[in-house]
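To start, the structure itself, in structure tokens.
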Amino acid sequence: MNLMQSIRERAKKAKRTIVLPESLEDRTLRAADIVLQEGLADIVLLGSPDEIISKAHKLGLKNIEKATLINPLNSDKRSAYIDKMLEIRKSKGLDHDSAEQLLNDPLYFAVMMIKNGDAHGEVAGADNATGDVLRPAFQFIKTQPGISVVSGAFIMILPDQHFGDDGIMVFADCAVHPDPDASQLAEIAMATAQTARDIAGIEPRLAMLSFSTKGSAKHPMVDKVVEATRIVQQQEPGLLIDGELQADAALVPEVGLKKSPGSPVAGKANVLVFPSLESGNIAYKLVQRLAGAEAVGPVLQGMAAPVNDLSRGCSVEDIVNMVAITANQAK
Ligand code: ACO
């Protein structure tokens, strides 16, 4: 069974409820139909039930009737959600009228469903930009205890199975936080280790990447990675981690042995933690295009409940997979 199949099998067993706010978007509705047909999760679709049903008929979808359809504009949960929104953001100046207004937006309604325990997770982004999907989640779902930044990991499935664990690696942050400081980078590393275990199904060996290996270069950017590594080692002493390492020292056994002898990670890393979003985003796209890797994600990590953002160029299959991943992340 390949990785995505096993993620789907785990989703079936988890029986989570995932909310899809972009219910009138064709690919999303087709994906919901497949998810319901395969029993990967229970689905909530937000919008006018009449419009959703009529669109599903037009597309010839047979399983949408198994979804729960909720219209954010007249849901009987509105007043409970507005109370919760005010409780969370009154100190940030949110008033009743603005909360009413925000709740008309399915992206806000979806996060309030999760916050209220009416859904386990959300997938959106086929129709909305990253910031518009993430902002409501940042504001109302917030981060897990002990984590202050959300980040985005990619599960990289490489054709060359010499790397990682039989070709499976995890890269982060490739999607969210542009310029983490040392303690944020340490959080990103620990969250990525959790994603490696929970979603990729591998026991993590983390390389904290830099342009320097073990003091070969001196620069504040290197110091940041060294400090982040130290923080992780202090907070999770059992985790296999090494840094700062260059990519070749992290991946190639002979180079790792030479540049970081005795390291539990050098030459055999299966998780790469990048020093900035710039390097992480560029790296995953290069590996995807030049090495022919499959890039599954971004899997958002560090949020108190899972919300995942799709690329607007996503396929129906991508959405189905992201629903399965989100179901796996939900606690
Ligand atoms: N983790 C947790 N909370 C965050 C984060 C984060 N990484 N970033 C912002 N927040 C919180 C802020 O603390 C703030 O909370 P508050 O209102 O309670 O004080 C709230 O979110 C809004 O903060 P802003 O700084 O106004 O954030 P903004 O909404 O402008 O930006 C965004 C957030 C959109 C995610 C921004 O960081 C961004 O554009 N990142 C890059 C995304 C991107 O383009 N990625 C590459 C493409 S994706 C790909 O290729 C797969």
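The values are calculated or read from the model by the stated rules, or taken from the named source; none is laboratory data. The structure displayed is predicted, hence computed values, not measured ones. Positions of Cβ are generated from backbone atoms using ideal geometry, with glycine treated the same way; all protein chains shown enter the neighbour counts. What goes into the accessible areas is simple: the full protein's heavy atoms, side chains included, and nothing from ligands, DNA or RNA. Shrake-Rupley method; radii C 1.70, N 1.55, O 1.52, S 1.80 Å.
Considering only residues in region 199-225 that are touching a helix residue (DSSP H, G or I) at 6+ places or on another chain (Cβ under 7 Å), open to solvent by less than 40 Å² (accessible area, probe 1.4 Å) and part of a loop (DSSP other than H, G, I, E, B), the one that is nearest to GLY262 (Cα to Cα) turns out to be THR213. You will find that of GLN194, GLN234, the residue that is more than 16 Å from the ligand (Cβ to nearest atom) and among the polar types (S, T, N, Q) is GLN234 and no other. When region 120-158 is filtered for residues that are more than 13 Å from the ligand (Cβ to nearest atom), open to solvent by less than 10 Å² (accessible area, probe 1.4 Å) and not in a strand (DSSP E or B), only ALA126 remains. On the basis of being on the phi < 0 side of the Ramachandran plot, within 9 Å of the ligand (Cβ to nearest atom) and open to solvent by 50 Å² or more (accessible area, probe 1.4 Å), does SER183 make the cut? No; evaluated as a whole, the condition is false for this residue. Restricted to region 303-331, and to residues there that are among the small types (Gly, Ala, Ser) and modelled with pLDDT under 95, the residue that is least open to solvent (accessible area, probe 1.4 Å) is ALA330. The set of residues in region 1-34 that are touching a strand residue (DSSP E or B) at 6+ places or on another chain (Cβ under 6 Å) and open to solvent by less than 20 Å² (accessible area, probe 1.4 Å) comprises ILE18, VAL19, LEU20, PRO21, GLU22, SER23, THR28, ALA32. Restricting ASP173, ASP166 to residues that are over 26 Å from GLU25 (Cα atoms) and touching a Ser or Thr at 6+ places or on another chain (Cβ under 9 Å) narrows the list to ASP173. Restricting to region 201-216, give me the number of residues that are in contact with a Ser or Thr (Cβ under 8 Å, 6 or more places away or on another chain) and aliphatic (A, V, I, L, M). Qualifying residue count, region 201-216: 3. Taking every residue in region 284-306 that is among the hydroxyl-bearing types (Ser, Thr, Tyr) and pairing it with any residue that is within 12 Å of the ligand (Cβ to nearest atom), at least 6 positions away or on another chain, the pairs with Cβ-Cβ distances below 6 Å are TYR284/PHE154; TYR284/PHE171; TYR284/CYS174; TYR284/ALA295. Inside region 250-269, residues that are of a type outside the set (Ser, Thr, Tyr), in contact (Cβ under 8 Å) with a residue 40 or more places away in the chain and surrounded by 15 or more Cβ atoms within 10 Å (Cβ to Cβ) make up a count of 7.
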